[in-house]
Amino acid sequence: MSDAPALEIRNLKKSFGPAEIIRGVNLAVPKGERHAVIGPNGAGKSTLFNLISGLLVPTSGDVLLNGEKISGRPAYEINRRGLSRSFQVTNIFPRMSVFENVRCGVLWSAKQKYAFWRGVEAAPGVNERTEKVLEEIGLVERRNVLAGVLTYAEQRALEIGVTIAGGADVILLDEPTAGMSRHETDVAVGLIRRISEGRTLMIVEHDMGVVFGLADRISVLVYGEIIATGPPAEIRASAKVKEAYLGEEAHA
Amino acid sequence: MSDIPLPKSSVTRVSQRGAEKGLPWWLLPWLASAVVLLALPFIFRSDTYLTVMSLMGIAIVFALSYNMMLGQTGMLSFGHAVYYGLGAYFVVHTMNWAIATRAPIPLPLMPLVGGFAGLAFAIIFGWLSTKRSGTTFSMISLGLAELVGSSSLILRTFFGGEEGVTTNRTKLLRLTDWTFGSQFQMYYLIAGWCLISAIAMYALTRTPFGRMCNAVRENPERAQFVGYNPQVVRYIAFCLSGFFAGVAGALAGINFELANANLFGASQSGTVLLATFIGGIGTFVGPVLGAVLVSYLQVMLSDITEVWQLYFGLMFIAVVMFAPGGLAGLVLMHVPLLRAGVLGRVVPSYLLALIPTAMLLVGVVMLIEMTVQLAVKQSEGPVMKLFGVAFNANLPGPWLVMLMLLAGAFVLFRLISPRMGTAWDNARSAAAERGMVV
Amino acid sequence: MLELVLISTLNGVLYGLLLFLMASGLTLIFSMMGVLNFAHASFYMLGAFVGYQISKWAGFWPGLILAPLIVGAAGMLVERFGLRNVHKNGHVAELLFTFGLAFVMEELVQIVWGKAPVDYRVPALLDFPAFTLFTTNYPAYKLFMLAISLAIFVGLFAMLTRTRIGLIVQAALTHPNMVAHLGHNVPLIFMSVFGVGAGLAAIAGVIAGPALVTQSTMAALLGPILFVVVVVGGLGSLSGALVASLLIGLLQTFAISSNASMADLFAFSGFSPQPNTIMNDLWRVSVAQIAPILPYLLLVLMLMFRPTGLMGNRES
């Protein structure tokens, strides 16, 4: 293992037509860190995730995963190298069962690839791994239900389940608790804490309680630029952050 | 999000039943199918039935191969007959070559030739067409079908022009005393290949690749984020589908001892789409139902009416509009009710709905057939016979009856449909209470 | 040679503009509603037959006005009572619905007008040679077709760039999600767009009917070419559709007028393949004979080198 950071972003820029959404982001997330990205609406948090995970191609700049350049590569290749993400809007396989959803997340990492010559039930380790993930996300009971008819909170848990099923080292979670009740949020935070054990986590979140409780370090993204990065206490105390972000929140 | 119209209830779920002692549970339906296939010629003995059942067997393989793309992977093709037709041509040419050179290839192995021909062309055309997905894919499939169709007029040596290419299936190497000259023996050849192909295609749905086909159908974007390239999944599905379409085409070529341009024409591609969708694309058995029904109707309806294709089209539109899960979807909707023992609650309202349904059907048939009598069959005069009743289509009476039937059906549907809805809701919630609806 | 080039260019542009009349409606419907209308060529066919029927009763000119209106109204009914009900099941269901519709429309036309071509005549007013180019008489009716196509093209262009509706349509072309923000008028707009698209196709049918063959197979013959046009142009791009229409129009027209084959081209080499081989088929086929497959070859080439089409940027 190299001692390169798990995820490194170098001078990343992204424009849509004349509008520059990400304007030169630099960030290094060391292995094992829980890193939160916060910022006002429209700051470019989801765009940043889309650039890292390969959904979008950056206009310029690099993204490195464990020291290896991944920017510009297709999403499935980035995923195969050990970076997995969840989505802000639930993004699962609606007319497949919960079990099948999670299993789809397991298959590639279990080296099944596009195998059409052997049964999926007999594939070594696949079902066991699926069971384990189902247990972790607390959906064992709902295994045979179609994902599309789950409750919202269950779908969010499944979203995380599909994301972690492949055992990626670097996990990106995009607003995992958005739209949840207080209680549901607490359950979800517990889940996120468990699944990020021993992994690198990058999380976009609006709920400051979640962010400050969970993150080792926080980056503040405003208008496509990171204006501050540091431990929660430092971010809380930063006047710059207050002005740019928390201040706005107070007005709203 | 995928938008293939599957009803939620009709998607197969994995059952976690393990293998019990003795026969594995999954073998039973296949054994039962084999027994049925073996027994059918002894129940339906006439040559007509044997011919129709042979056509059904071919249609089943073709429809199942089509559904590997449409139902399993979410790819709507308008040109699937290309691989069917090429399968037929290659098998006919190979048979002629084997007859001429006395090559020791027995007839029962010949469908493989068609399969590999279908596969080879699917590898070429699939590489082009799976570069795009969704609507563009559909349009490309249509364009490639036209390309092959038009090429057949140029490459006359291979395609044999308008007459096509003929062969003789009895002149190949024989392993037993079966010559496959009779329709009876031909039926068994088709039934055997039908069963093998169906098992193979079912097994495919149970592989890692088969699961990812569903994932790509459901949500190609998300499939990328679990490590899969949706384009590769689509391409493999396209190729395998082409293989089985080729097998089906080869069976057709052997059955008719002829390959001609009709086999890969637009209407053949349309028919397989119609059959598959009418049967239901959300389940494995749906296309089988559709293939059996459409083959039967093709033979039977074309005897009764000149405009049978119009009825087909109307039936298809009705399924698209009112029962997007197809026949299999309709049946499956009721399985939870049956399990909960509350199916009886919806039966009365269904029986009641039979009245306007019958009125509607008779009305529509009258409208179509009377128009046909006056417009197409002018030379036969206005007197016609429908449902055993002779009447004059030029008089206002029959038209009035038709209009009354249609209007009556409309009014009755309006009256009955709330009742049906309530009965359905009641039964469904009762089934839900008993834990039969998830 | 110059004569051939000039005449072929005129004919090619004419054919291209006719294609664009249909492709523009198809593109409009696709951009606004997300539906690729498989039955679009069927509305073209219906336009020709309705125009023919009216021309029998009242002459060509009333048909030119009435047929597109009638077919446009029929299109609106199809949208209102058919397509709209299928919409909730997604785009594949919508595409399947229009596929079924195309199937049924062909059958219906066969019932009412039969399978044989009908005698749809060029109006007497235009039944004379407009000018003579070297030795070729160019029919006035073709000039008339050209004029009508150009007029509609200009009208469409003006509408798109000068009117409020046009601006909405343009916005929808580039930003498909825009349509969702149009508010409560969406169903009405969808119905109108579908009607206008069908009407445009019908105009093409009415003016092409007398010049070409009015027959129940005309939809099935033209439909696939139309879809090639929109894929080659780039699905959802009006300018792409225009370029592709003209390209295919010229390509096919020039091909038809050429009788050259590989055998002619390489006659000096003295090479001659064995008779009754595929090689021989290819060697002897003339350019005119491969004209029907040229649009599809173009499609294949486009997919190999530029899968999104000439001016396309939308994925599906």
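Every number here is computed from the coordinates shown, using simple stated rules; none is lab data. This is a predicted model, so every value here is computed, not measured. Heads up, the Cβs are rebuilt from the backbone with ideal geometry, glycines too, and the neighbour counts pull from every protein chain shown.
Using only the alpha-carbon atoms of the protein assembly as shown as identical scatterers, what base-10 log of I(q)/I(0) does the Debye formula give at q = 0.07, 0.08, 0.09 Å⁻¹?
The calculated log intensity ratios at q = 0.07, 0.08, 0.09 Å⁻¹ are -0.71, -0.93, -1.16.
So, R0 is 51 Å and r is the distance between the beta-carbons of B:Val365 and A:Glu77; what FRET efficiency does that work out to, to 0.05? Intermediate values should be presented prior to the final figure.
Details: r = 58 Å, r/R0 = 1.14.
The pair B:Val365/A:Glu77 has a calculated efficiency of 0.30.
Under the rule a/c < 1.5 gives rounded, and otherwise a/b versus b/c splits prolate from oblate, where does chain B land using the Cα gyration tensor? All intermediate terms of the calculation are to be shown ahead of the outcome.
On the way: a/c = 1.62, a/b = 1.19, b/c = 1.37.
Oblate, since a/c reaches 1.5 and b/c is not below a/b.
Taking springs between alpha-carbon atoms closer than 10 angstrom, which of C:Gly233, C:Gly100, C:Gly25 fluctuates most in the Gaussian network model of chain C?
It is C:Gly100.
Can you list, largest first and rounded to whole Å, the semi-axes you get for region B:233-308 by taking the square root of 5 times each eigenvalue of its Cα gyration tensor? Intermediate results must be reported in sequence, preceding the final value.
Numbers: eigenvalues 102, 66, 24 Å².
Semi-axes (√(5λ), whole Å): 23, 18, 11.
Rounding to the nearest 10 and keeping the result within 0 to 90°, find how far the Cα-based axis of helix C:164-174 lies from the longest principal axis of chain C.
Roughly 60 degrees, rounded to the nearest 10.
Specify whether the C-alpha gyration tensor of region C:193-302 places it in the rounded, prolate or oblate class, a ≥ b ≥ c being the square roots of the eigenvalues: rounded for a/c under 1.5, otherwise prolate if a/b is larger than b/c and oblate if not. Don't skip to the answer; put the middle values down first.
Working: a/c = 2.90, a/b = 2.09, b/c = 1.39.
Prolate shape, in that a/c is at least 1.5 and a/b is the bigger ratio.
Using a Gaussian network for chain C with springs between C-alpha atoms less than 10 Å apart, which of these wobbles most: C:Ser149, C:Ser239, C:Ser42?
C:Ser239
Can you give the log10 of the normalised intensity I(q)/I(0) at q = 0.12, 0.14 Å⁻¹, computed with Debye over equal Cα scatterers of region B:335-433?
These q points yield log10 I(q)/I(0) values of -0.55, -0.64.
Taking chymotrypsin sites (Phe, Trp or Tyr not before Pro) as candidate sites, keep only those in a DSSP loop with at most 15 other Cβ atoms within 10 Å, then name the longest stretch of chain A containing none of them. Could the numbers behind the result be given before it?
Details: sites that count: A:Trp117, A:Tyr223.
Longest gap between qualifying sites, sites excluded: A:1-116.
Per-residue counts of other Cβ atoms within 10 Å, averaged by peptide: what ranking do you get for C:80-90, B:380-390, highest first?
Values: C:80-90: 17.2, B:380-390: 11.1.
Those peptides, ordered most packed to least, come out C:80-90, B:380-390.
Projected area of chain C, taken from the Cα convex hull and averaged over every viewing direction, in nm²? Let's see the in-between values first.
On the way: hull surface 76.9 nm².
Answer in nm², one decimal: 19.2.
Evaluate peptide A:139-150: per residue, the Cβ atoms of other protein chains within 10 Å of its Cβ; return the mean as an integer. Don't skip to the end; give the middle numbers.
Values: counts 0, 0, 0, 1, 3, 5, 2, 5, 2, 4, 3, 0.
That average works out to 2.
So if I take the alpha carbon set of region A:53-209, get Rg, then get Rh from the Kirkwood formula, what is the Rg over Rh ratio? Could you put the intermediate results ahead of the total?
Working: Rg = 15.8 Å, Rh = 16.3 Å.
On the Cα set of region A:53-209, Rg over Rh gives 0.97.
Per-residue ellipticity at 222 nm for chain B, helices alone: DSSP H runs ≥ 4 residues times -39500 (n - 2.57), over residue total, nearest 500 deg cm²/dmol? Each step should come with its number before you reach the end.
Working: 17 runs with 299 residues, N = 438.
It lands at -23000 deg cm²/dmol.
Among C:Pro273, C:Pro224, C:Pro295, determine the one that fluctuates most according to a GNM of chain C built with springs between C-alpha atoms less than 10 Å apart.
C:Pro273
State the answer as a single residue: which of B:Phe44, B:Met384, B:Phe121 lies farthest towards the positive end of the charge dipole of the protein assembly as shown, with beta carbon charges of +1 for Lys and Arg and -1 for Asp and Glu, about the Cα centre.
Most positive-ward Cα: B:Phe44.
Count charges around A:Thr59 for me, please; just the other residues with Cβ under 9 Å from its Cβ, Lys/Arg as +1, Asp/Glu as -1. Intermediate results must be reported in sequence, preceding the final value.
Working: positive: A:Lys13, A:Lys14; negative: A:Glu20.
After counting each charged neighbour, the total is +1.
With just the Cα atoms of region B:176-250, tell me how far they stretch along each of the three principal axes, in Å, largest first.
Between the extreme Cα coordinates on each principal axis of region B:176-250 lie 56, 19, 18 Å.
Over chain B, calculate the relative contact order: mean separation of alpha carbon pairs under 8 Å at least 6 apart, over the residue count, as a percent.
Values: 634 pairs, mean separation 104.8, N = 438.
It rounds to 24 percent for chain B.
Suppose only helical runs count, i.e. DSSP H with n ≥ 4. What mean residue ellipticity at 222 nm does that imply for chain A under -39500 (n - 2.57) per run, divided by all residues and rounded to the nearest 500 deg cm²/dmol? Write down the numbers at each step before the final one.
Details: 9 runs with 83 residues, N = 252.
About -9500 deg cm²/dmol.
Given a Förster radius of 45 Å and the C-beta distance between B:Asp425 and C:Arg306 as r, what FRET efficiency does 1/(1 + (r/R0)^6) yield to the nearest 0.05? Intermediate values should be presented prior to the final figure.
Details: r = 52 Å, r/R0 = 1.17.
Step by step, r from the Cβ atoms, then E = 0.30.
How tilted is helix C:140-162 with respect to the longest principal axis of chain C? Cα atoms for both, answer in degrees (0 to 90, nearest 10).
Around 40 degrees separate the two axes.
Normalized C-alpha radius of gyration of region B:212-269, against 2.2 N^0.38 Å?
Numbers: Rg = 16.3 Å, N = 58, 2.2 N^0.38 = 10.3 Å.
Working it through for region B:212-269, the quotient is 1.58.
What average number of partner chain Cβ atoms lie no more than 10 Å from the Cβ of the residues making up B:213-221?
On the way: counts 2, 5, 10, 2, 3, 10, 9, 2, 4.
Taking the mean over all residues of the peptide, I get 5.
Which whole number gives the average, over all residues in C:302-308, of C-beta atoms from other chains lying within 10 Å of the residue C-beta? Could you put the intermediate results ahead of the total?
Numbers: counts 3, 9, 3, 0, 0, 5, 3.
That works out to 3 on average.
Please compute the net charge surrounding B:Met370, taking Lys and Arg as +1 and Asp and Glu as -1 over other residues with Cβ under 14 Å from its Cβ.
Working: positive: B:Lys377, B:Lys385; negative: B:Glu306, B:Glu369, B:Glu380.
Its environment carries a net charge of -1.
Just to compare against my own numbers: the Cα pair-distance distribution for region B:212-370, 10 Å bins, whole % per bin, please.
All Cα pairs, binned at 10 Å, distribute as 9, 25, 33, 20, 12, 1 percent.
Once the cut-off is 12 Å, how many percent of the Cα-Cα pairs in region C:3-49 end up in the long-distance tail? Don't skip to the answer; put the middle values down first.
Values: 728 of 1081 pairs.
For region C:3-49, the fraction of Cα-Cα distances above 12 Å is 67 percent.
Beyond a 19 Å Cα-Cα separation, which of these cross-linked pairs lie in this structure: A:Lys13/A:Lys242; A:Lys31/A:Lys69; A:Lys69/A:Lys111; A:Lys14/A:Lys69; A:Lys45/B:Lys131? Could the numbers behind the result be given before it?
On the way: A:Lys13/A:Lys242 25 Å; A:Lys31/A:Lys69 16 Å; A:Lys69/A:Lys111 23 Å; A:Lys14/A:Lys69 17 Å; A:Lys45/B:Lys131 31 Å.
With Cα atoms farther than 19 Å apart: A:Lys13/A:Lys242; A:Lys69/A:Lys111; A:Lys45/B:Lys131.
State the antiparallel share, in %, of DSSP beta bridges confined to the protein assembly as shown, rounding to the nearest 5.
Numbers: 33 of 50 bridges.
DSSP beta bridges in the protein assembly as shown are roughly 65 percent antiparallel.
Once you sort the root eigenvalues of the Cα gyration tensor of region B:143-285 as a ≥ b ≥ c, which label holds: rounded (a/c under 1.5), prolate (a/b larger than b/c) or oblate (the other case)?
It comes out oblate by the Cα gyration axes.
Taking only Cα atoms, what is the 0 to 90° angle, nearest 10, from helix C:2-33's long axis to the longest principal axis of chain C?
That works out to roughly 30 degrees.
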